[in-house]
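To start, the structure itself, in structure tokens.
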Amino acid sequence: MYVVGLTGGIGSGKSSVAAWLRERGLDVFDADREIHALYADPALRAQIAGQLGGTGAGPEGVDRRQIAALVFADPAALSRLENILYPALKARWQAARAAAAMRGAPALIYDVPLLYEKGLTADVDAVWVVYATPAQQLERTMARSGLTAVEVEARLAAQMPLAAKVRRADTVIRNDGTWAETEAQLLNLLATLPGGGPMPPRNTDFARNGTP
């Protein structure tokens, strides 16, 4: 089974790309969705509340915005939160990968924002990075989330710069134009997956000439 790591930066359009791939029948493991599911676990919420001084997590649920405001301003708090979430997420990923392999899925998309930051590239055969300009990232995130520019920039600062991800990618999906242009790239990429043709080449041209 061929595993693609799909990543990008906040506001780059990664989730839209993942949804498009899922609609076309690909298996997609959505790390953000799985973390949302983990927050429903009362035991995990209790751990979060204990580690973050009760902020944002209690018996009735999780206030993700309150937690985000704390951890993006405090790297130590972010590390404590990730030490709770990521082992549980890894277990879910391994189970999903095993299940897809047992079903005979030819390809699996690992949709994870912090693929590079968390050293997860060994789990995949190739990395696809979704690219948008920094201005687009800021504008799109503010429009969809209601966050302020300061809040969005704090989240951007907590991630590897998108330009750095582009330089390391096997394939770059440019989402800085129209969606029709993005979709044309995705249709070409589908043909490179198992059963459709050769795998994507290394991203040498974009890394050399297109890096913002």
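FYI, it's all coordinate maths here, none of it is from the lab. As the structure is a prediction and not an experimental result, all values here were calculated from the model. A quick note on method: Cβ atoms are made from the backbone with ideal geometry, for glycine too, and the neighbour counts reach across all protein chains shown.
Structure notes:
- Diffusion coefficient, µm² s⁻¹, Stokes-Einstein with Kirkwood Rh over alpha-carbon pairs of the stretch 122-192 at 20 °C and 1.002 mPa s: 158
- From the coordinates shown, Cα Rg over 2.2 N^0.38 Å corresponds to which of [x] 1.10; [y] 1.00; [z] 1.05: [z]
- Length gained on full extension, residue 64 to residue 186: 40.8 nm, using 0.36 nm per residue less the C-alpha separation.
- Hypothetical label at residue 135: residues of the stretch 163-181 whose amide nitrogen lies under 16 Å (7 Å Cα-Cβ projection): 175-178
- Positive contributions from Lys and Arg (+1) and negative ones from Asp and Glu (-1), summed over other residues with Cβ under 12 Å from the Cβ of residue 183, come out at 0.
- Cross-link reach is defined here as a Cα-Cα straight distance under 17 Å, omitting same-chain residues fewer than 8 places apart; for residue 90 the lysines meeting it are 118.
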